[in-house]
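Working notes, beginning with the structure itself.
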Amino acid sequence: MIQYHLAEDTIDNKDIQNLIRWLKSYPRLTKDKLTTQLQEKWSRWLGVKYSVFCNSGSSANLLMYAVLDQSKKLKNKKVVVPSVGWVTSIAPAMQFGFDPIMCEADPDTFGLDLNHLESILKTEKPASVLLVQVLGVPHKMKEIMALKKKYGFYLLEDACAAIGASYQGKKVGAFGDMSSFSYYFGHQISTIEGGMVSTNNKEFLDLLLMLRSHGWSKDLDSKSHRALVKKYKIDDFHSPFVFYKPGFNLRSTDLNAYIGLGQVDKLDRIAAARQANHARYKKLLAPHFYIQTPPENSTVCSISFGAVAQSTEERRGIVRALEKQGIETRIFSAGNLGLHPFWYERYGKKSFPVADRIHHCGFFLPNNPSLKPKDVDFIAQTVLSAINK
Ligand SMILES: Cc1ncc(COP(=O)(O)O)c(C=O)c1O
């Protein structure tokens with residue numbers, strides 16, 4: 001029997017009762033005012049100007065790539081992608097005809113390795129870089145931003161699994177030209193499914209809004225909408241249904257936004273609980289395992305605690321011990337994405353020392369806000385007993 005799940009829903013009984021009450025007022029359910037409210041609330045919480053709510057973190061990544069592609073600002077379609085992250089941190093690059101160049105994982109944070117990144121920037125001169133903030137451990141943002149300044153690339157920041165983390169007082173997800181977040185079940189907060197793209201760039205905002213909904217201009221502010229109507233000489237009757245861009249439908253709904261508004265209200269509390277659990281795991285396990293080291297002055301907010309064993313054999317023993325105690329576990333994120341068929345069937349296998357070690361020896365432990373110190377101690381002790389510590 002499962003005693004500790006890897007992921008737990010943050011939509012609790014009170015949230016469900018509130019939702020039922022709201023539904024009984026027969027509100028409009030499709031995207032409307034609550035979506036706008038959630039976008040504004042999220043932007044305020046994060047400290048950026050604009051946000052666009054969509055139906056998943058993967059859709060948020062898809063939108064970021066689509067916007068870059070459509071912006072006509074890119075000097076080329078080369079993009080640096082991480083070896084440690086998620087399939088949809090990379091898949092849209094492949095779908096939109098980018099030329100992805102995979103980067104080794106940083107030995108401290110498991111984000112992009114700075115030396116490898118710089119050598120790619122020097123030789124390939126990519127126009128864009130996608131950085132994953134791995135598992136709520138902020139990357140070395142001072143160094144990344146210095147490279148951005150030196151080499152002049154667009155930074156897409158995938159903070160899908162890093163909501164609530166911060167670096168030198170600035171929230172993770174507030175660094176990129178665009179950044180993405182996931183509100184999937186088991187992430188820091190949940191809207192059932194859901195995602196957000198945030199940006200300070202108004203041109204990107206307008207493209208995000210158009211591409212999210214079919215390519216029309218209905219969601220733009222009236223000034224931007226009127227500018228398009230004028231530029232293309234559209235008559236009033238046609239104007240709501242003119243498609244300016246080859247768009248998608250990646251919208252979420254006001255029902256999901258209703259849930260999201262309640263989740264943002266309790267986000268800081270949830271984040272604090274996850275931060276405390278992470279710190280406790282770290283104290284107990286860091287002496288025996290290879291784990292992520294955050295940069296100074298940063299706050300970690302993980303949705304699972306990740307650790308790397310000495311060997312695949314050692315990991316096997318740990319997994320057995322965890323399963324025996326009903327503690328869910330899994331591989332570390334997706335391991336090395338360069339070893340997955342979606343990548344190697346097109347580009348060949350990509351092996352790197354750090355990413356491969358994470359792939360073959362990494363594992364996850366539950367970090368949910370409901371865990372008490374005694375639960376963390378029990379889980380950590382189960383791991384330690386498997387390696388006779
Ligand atoms: C780094 C990263 N990016 C993107 C995603 C995709 O988010 P979603 O599941 O909401 O599509 C995930 C999901 O876990 C993730 O970890």
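Any residue in segment 119-131 that is touching a residue at least 12 places away in the same chain (Cβ under 8 Å) and under 11 Å from Tyr154 (Cβ atoms) sitting within a Cβ distance under 6 Å of a residue that is crowded, with 24+ Cβ neighbours inside 10 Å and of a type in the set (S, T, N, Q)? List the pairs, counting only those 6 or more apart or interchain. The qualifying pairs are Leu130/Ser89.
The listed residues are Gly111, Gly85, and the only one of them that is touching a helix residue (DSSP H, G or I) at 6+ places or on another chain (Cβ under 8 Å), in the same structural domain as Met178 (by TED's automatic domain parsing) and in contact (Cβ under 8 Å) with a residue 60 or more places away in the chain turns out to be Gly85. Just one of (1) away from the ligand (no atom under 16 Å from the Cβ); (2) under 23 Å from Leu208 (Cα atoms) fails for Ile2. It is (2).
Scanning segment 19-39 for residues that are without any contact (Cβ under 8 Å) to a residue 60 or more places away in the chain and either loosely packed, with under 12 Cβ neighbours inside 10 Å or touching a helix residue (DSSP H, G or I) at 6+ places or on another chain (Cβ under 6 Å) (or both) yields Ile20, Arg21, Lys24, Ser25, Tyr26.
Contact map, segment 145-171: residues that are β-branched (Val, Ile, Thr) paired with residues that are at pLDDT below 95 and buried (at least 24 other Cβ atoms within 10 Å of the Cβ), Cβ distance under 6 Å, separation 6+ or inter-chain. Pairs shown: Ile163/Gln188.
Only residues that are out of contact with any Leu (no Cβ under 8 Å at 6 or more places or on another chain) and within 16 Å of the ligand (Cβ to nearest atom) were counted across segment 16-50, and they come to 1. Counting the residues of segment 179-212 that are at pLDDT 95 or above and either within 16 Å of the ligand (Cβ to nearest atom) or in contact with a Leu (Cβ under 8 Å, 6 or more places away or on another chain) (or both) gives 23.
From the list Leu250, Leu337, the lone residue that is buried (at least 21 other Cβ atoms within 10 Å of the Cβ) and assigned by TED's automatic domain parsing to the domain that holds Val81 is Leu250.
The values are calculated or read from the model by the stated rules, or taken from the named source; none is laboratory data. Predicted model only: the values in this text are computed from it and were never measured. Every residue, glycine among them, receives a Cβ derived from its backbone with ideal geometry; neighbour counts consider all protein chains shown.
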